[in-house]
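Visitor: Sharing a structure with you now.
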Amino acid sequence: MIPGRSYLVGLSIRLTPLTDPDFRPFSRRLVWLAADGDGNPVGSAFLRLNSRKSHSHLAEFELNVHPAERRRGVGSRLLDAVVGAARDHDVRTLLADARVGSSADRFLQHHGFGVGLTLVYARLRLASVDITELEAIAGAEPPGYHLVSWAGVVPEEWVQTFTDARAGMNDAPTGGIEYGEDAWDVERTRHAAQVIEQRGERLGTVAAVDESTGAIAGFTELVVPGDGKGEAQHYGTAVLPAHRGHGLALWMKAEQIRQVRARFPDLDALLADTVSTNTPMQRINTRLGYRPTHTDNRRTLDLCTN
């Protein structure tokens, strides 16, 4: 695809590549706008390319077509543009999320996308939390561990061990998707938190510390809207393999819920998503009061064979 050139769709729809200002240190986006003969937007597509070498074989995309313009080939042509650009950038696997059973899910299946994994989304309504149970879980300190917490960027005293603890995510279930090694260093750890602050949101972290070594054994992160209202999103919970089986994930998440209720009394709910095969985390969420809301398929297209 040649930047700046328009592509005709049928007789009256035109695709125009656009420049997307959403540039990030580890990724960038390509964008296409579909418009009718009068210049009215009827659809769009966004392709996010990974800049990290370990993830450059993967690219995620979003595709939207106005409901009144569907079934005219607009979505298929936008997808053609996405696939062509992905090939031009040596992407091997395309990823897209769609609600299970939705028209988007059927569209992707029709175009050869398989299911790489399924995500289960759940919501905890803070007003319905069993406070007595929550306090009991948060107060049941596993022997040999204690909790620390911070808001925003990790304090300097914890930055290296917190970065090391992110390895606890390396064996998280990924279905049939080969994500590759997700390496973290101190710079990336700080930058990830700074990006959240720049968006005007609030990051909170609770971590379990191994008292025999002073190192972080696990952590859980939550991002709260800047105004402290609405819904907060879990960003990740992980425990290093050597420290599993002690109830650390349940303990950390219970303490995080306790803290967020105290700090943000106007917050409505917490949102979480887990891979459908991650039954231990689903059991933890259920015990804490999270209730499933919907499931998404993360669909994949292998560009090496298609």
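The values are calculated or read from the model by the stated rules, or taken from the named source; none is laboratory data. Since the structure is predicted, the reported quantities are computational estimates derived from the model, not experimental observations. Positions of Cβ are generated from backbone atoms using ideal geometry, with glycine treated the same way; all protein chains shown enter the neighbour counts. Ligands, DNA and RNA are excluded from the accessible area calculation, which covers all protein heavy atoms including side chains. Shrake-Rupley method; radii C 1.70, N 1.55, O 1.52, S 1.80 Å.
Visitor: From the set of residues in the stretch 133-150 that are at pLDDT below 95 and exposed (fewer than 12 other Cβ atoms within 10 Å of the Cβ), which is farthest from ALA269 (Cα to Cα)?
Guide: ALA140
Visitor: Let me ask another. Being modelled with pLDDT of 95 or more, under 21 Å from ALA192 (Cβ atoms) and not aliphatic (A, V, I, L, M) narrows it down to one of HIS243, HIS234, so name that one. Break it down into steps so the answer makes sense when it comes.
Guide: Working: HIS243 fails: under 21 Å from ALA192 (Cβ atoms).
Being modelled with pLDDT of 95 or more, under 21 Å from ALA192 (Cβ atoms) and not aliphatic (A, V, I, L, M) holds for just one of HIS243, HIS234, which is HIS234.
Visitor: Note down all Cβ pairs under 9 Å where the first residue falls in the stretch 101-123 and is at positive phi and in contact (Cβ under 8 Å) with a residue 12 or more places away in the chain, the second is assigned to a strand (DSSP E or B) and buried (at least 17 other Cβ atoms within 10 Å of the Cβ), and they're at least six residues apart or on different chains.
Guide: Short answer, once both residue conditions are applied: GLY112/LEU301.
Visitor: Does ASN306 satisfy the condition of being open to solvent by 30 Å² or more (accessible area, probe 1.4 Å), touching a Gly at 6+ places or on another chain (Cβ under 7 Å) and at pLDDT below 95?
Guide: Details: open to solvent by 30 Å² or more (accessible area, probe 1.4 Å): yes; touching a Gly at 6+ places or on another chain (Cβ under 7 Å): yes; at pLDDT below 95: yes.
For ASN306, the condition - open to solvent by 30 Å² or more (accessible area, probe 1.4 Å), touching a Gly at 6+ places or on another chain (Cβ under 7 Å) and at pLDDT below 95 - is met.
Visitor: Can you work out which of the residues in the stretch 212-242 that are farther than 13 Å from HIS146 by Cα, over 19 Å from the mean Cα position of the chain (by Cα) and touching a residue at least 40 places away in the same chain (Cβ under 8 Å) is surrounded by the most Cβ atoms within 10 Å (Cβ to Cβ)?
Guide: LEU240
Visitor: Just give me the residues in the stretch 168-182 being touching a residue at least 40 places away in the same chain (Cβ under 8 Å) and either closer than 17 Å to PHE219 by Cβ or among the polar types (S, T, N, Q) (or both), in sequence order. Walk me through how you get there before you give the answer.
Guide: Looking only at the stretch 168-182, we keep the residues that are touching a residue at least 40 places away in the same chain (Cβ under 8 Å), and these are 168-169, 171-182.
Hits for the stretch 168-182 are GLY168, MET169, ASP171, ALA172, THR174, ASP182.
Visitor: Another question about this same structure. Just give me the residues in the stretch 151-186 being among the aromatic types (Phe, Trp, Tyr) and open to solvent by less than 60 Å² (accessible area, probe 1.4 Å), in sequence order.
Guide: TRP158, PHE162, TYR179
Visitor: Still on this structure, please answer the following. Restricting the search to the stretch 107-132, which residues are part of a strand (DSSP E or B) and open to solvent by less than 20 Å² (accessible area, probe 1.4 Å)?
Guide: GLY116, LEU117, LEU119, ALA122, LEU124
Visitor: Identify all residues within the stretch 250-270 that are under 23 Å from the mean Cα position of the chain (by Cα), surrounded by fewer than 21 Cβ atoms within 10 Å (Cβ to Cβ) and of a type in the set (Gly, Ala, Ser); write none if there are none.
Guide: Answer for the stretch 250-270, where residues must be under 23 Å from the mean Cα position of the chain (by Cα), surrounded by fewer than 21 Cβ atoms within 10 Å (Cβ to Cβ) and of a type in the set (Gly, Ala, Ser): just ALA269.
Visitor: Any chance the stretch 194-203 includes a residue that's under 22 Å from LEU119 (Cβ atoms) and out of contact with any strand residue (DSSP E or B) (no Cβ under 6 Å at 6 or more places or on another chain)? Walk me through how you get there before you give the answer.
Guide: Start the filter on the stretch 194-203 by keeping residues that are under 22 Å from LEU119 (Cβ atoms), which leaves 196, 201, 203.
Checking the rest, the ones that are also out of contact with any strand residue (DSSP E or B) (no Cβ under 6 Å at 6 or more places or on another chain) come to none.
Among the residues of the stretch 194-203, not one is under 22 Å from LEU119 (Cβ atoms) and out of contact with any strand residue (DSSP E or B) (no Cβ under 6 Å at 6 or more places or on another chain), which makes the answer no.
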